[in-house]
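Inspection log for the structure reproduced underneath, given as structure tokens.
The values are calculated or read from the model by the stated rules, or taken from the named source; none is laboratory data. Everything numeric here is computed off the predicted structure, so don't read it as measured data. Positions of Cβ are backbone-derived with ideal geometry, glycine not excepted, and every protein chain shown enters the neighbour counts.
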Amino acid sequence: MKDVYILAIETSCDETSMAIVKNGHEVVALTILTQMDTHAMFGGVVPEIASRMHAENITIVLEDTLKKANMQVSDVDAIAVSYKPGLLGSLLVGIEFAKTLSYVYDKPLIGVNHLIGHIYANNIDDRLEYPLLALVISGGHTELAIMKDDYDFELLGSTLDDAIGEAFDKVARVIGYPYPGGPNIERAALNGNNSYPLPKPVDDDTYNFSYSGLKSQVINLVNNEKMRGHEIRKEDLACSFQTVAVDELCRKLSLALDKTGIKYVVIAGGVSANKYLRNEIGKICDKFNAKLYIPRFLYCTDNAAMIGAAAYPLFLKKEFKDFSLNAESHGDLV
Ligand code: KG4
Ligand code: ZN
């Protein structure tokens, strides 16, 4: 079969990224332009600034990607773009750009669910085997699903309130670490001990998660200590929070591995960059004799390579979008 080259675009949050992916697995070129430093000044992503910066940078990112690949847009077989979930204004910049390229170069347009993109990040260096358990852990989502085949999901559970990444970011802020909170909590926790007693988020036998209670516990603890004039042991609090947050994922994953007997596990989304989490989930998978897929660090956080990987099965099925493709702020795996 002829090789398939997909030009993929990702602008759902604060990374303007483009990639050319060959046959769904080989990253020919990847450019990620992050706006993180700008948003860090505001303590979080400012949607209006994010979409403006995407609009300013998107052509530069295209030129850079084509240069790295030594290719032209006319050389690719399709244009893929993440269209949900994410910030509407940010998504729209990528979508309109993708539509324009699709129209001008007469290439099919593929719409990719960003969350599914995170899962397919694992199909770049490795080959996914089904059925698998997918744990999607990002700034906006915490979902556990069975993936039976390409694009065939059965949702087992999701967060009832905050996503795990959101909890990392909010807890970091209240402890006094800058945005993005996740990596800063991870770094701090390396020098801390799990010495603050924090309750388990959801102590039940469902596959649902809850992180707002845990977040509130940390906020209350910080406020109470301040009122008493006590110093917070920042590293210890970061470590205690991270331990409980990750333990919750491990408990639910254990339950699913035990009940379903599935032997493949994928972790996906920005929070999967966390080394402590990777390690703990690894131990659970070892216990159940299951294979764990973890994306390379580069492919954990938002990037267009994963969008190109996720677009490939859609290209093969000829699941193309027309120019009515629109951005959707919300979206789950199913
Ligand atoms: O997938 P992602 O890049 O964007 C969304 O689709 O949400 O995930 C971003 C989230 C943020 O909440 C960030 O704090 C978290 O991933 N994150 C981490 C780490 N790196 C990124 N959380 C914990 N530990 C990390 N090392
Ligand atoms: Zn993401």
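Remarks
- Candidates in the range 82-136 are the residues that are in a strand (DSSP E or B) and in contact with a Gly (Cβ under 9 Å, 6 or more places away or on another chain); of these, the one that is farthest from Ala310 (Cα to Cα) is Leu135.
- Residue within the range 188-199 that is more than 14 Å from ligand 1 (Cβ to nearest atom), over 30 Å from Lys317 (Cβ atoms), touching a strand residue (DSSP E or B) at 6+ places or on another chain (Cβ under 7 Å) and not assigned by TED's automatic domain parsing to the domain that holds Leu92 present: no
- Any chance Ile185 is among the hydrophobic types (A, V, I, L, M, F, W, C) and outside any helix (DSSP H, G or I): no
Let's see how each residue does on (1) touching a residue at least 40 places away in the same chain (Cβ under 8 Å); (2) out of contact with any strand residue (DSSP E or B) (no Cβ under 7 Å at 6 or more places or on another chain); (3) away from ligand 2 (no atom under 16 Å from the Cβ):
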| residue | (1), (2), (3) |
| --- | --- |
| Asp150 | yes, yes, yes |
| Gly165 | yes, no, no |
| Lys170 | yes, yes, yes |
| Tyr179 | yes, yes, no |
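One line per residue, one yes/no per condition, for (1) in contact with a Ser or Thr (Cβ under 6 Å, 6 or more places away or on another chain); (2) within 27 Å of Met1 (Cα to Cα); (3) buried (at least 16 other Cβ atoms within 10 Å of the Cβ):
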{"site": "Ile294", "(1), (2), (3)": "no, no, yes"}
{"site": "Phe297", "(1), (2), (3)": "no, no, no"}
{"site": "Asp302", "(1), (2), (3)": "no, no, yes"}
{"site": "Met306", "(1), (2), (3)": "no, yes, yes"}
{"site": "Tyr312", "(1), (2), (3)": "no, yes, yes"}
{"site": "Leu316", "(1), (2), (3)": "no, yes, no"}
{"site": "Lys321", "(1), (2), (3)": "no, yes, yes"}
{"site": "Ser324", "(1), (2), (3)": "no, no, no"}
{"site": "Ser329", "(1), (2), (3)": "no, no, no"}
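- Residue check for Ile262: in a loop (DSSP other than H, G, I, E, B) and more than 14 Å from ligand 2 (Cβ to nearest atom): yes
Residue-wise test of (1) surrounded by fewer than 18 Cβ atoms within 10 Å (Cβ to Cβ); (2) more than 16 Å from ligand 2 (Cβ to nearest atom).
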position	(1), (2)
Glu231	yes, yes
Ala238	no, yes
Val246	no, yes
Lys252	no, yes
Leu255	yes, yes
Asn274	no, no
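- Candidates Ser329, Ser324 - the one that is touching a Gly at 6+ places or on another chain (Cβ under 9 Å), outside the structural domain of Ser82 (by TED's automatic domain parsing) and hydroxyl-bearing (Ser, Thr, Tyr): Ser329
- Of all the numbered requirements in (1) under 21 Å from the mean Cα position of the chain (by Cα); (2) more than 15 Å from ligand 2 (Cβ to nearest atom); (3) touching a residue at least 40 places away in the same chain (Cβ under 8 Å), Ala305 misses one, and that requirement is (2).
- Restricting attention to the range 94-119 and to residues that are buried (at least 24 other Cβ atoms within 10 Å of the Cβ) and farther than 15 Å from Glu328 by Cβ, the residue that is farthest from the chain's Cα centre (by Cα) turns out to be Ser102.
- For Ala290: the one exception among (1) closer than 19 Å to Leu128 by Cβ; (2) within 16 Å of ligand 2 (Cβ to nearest atom); (3) modelled with pLDDT of 95 or more; (4) in contact with a Phe, Trp or Tyr (Cβ under 7 Å, 6 or more places away or on another chain): (2)
- Count of residues meeting criterion [of a type in the set (A, V, I, L, M) and farther than 22 Å from Phe97 by Cβ] in the range 1-44: 3
- Out of Val45, Val28, one residue alone is more than 20 Å from the chain's Cα centre (by Cα) and either within 16 Å of ligand 2 (Cβ to nearest atom) or in contact (Cβ under 8 Å) with a residue 40 or more places away in the chain (or both). It is Val28.
- Output for the range 41-61, where each listed residue is assigned to a helix (DSSP H, G or I) and either farther than 19 Å from Asn303 by Cβ or charged (D, E, K, R) (or both): Pro47, Glu48, Ile49, Arg52, Ala55, Glu56
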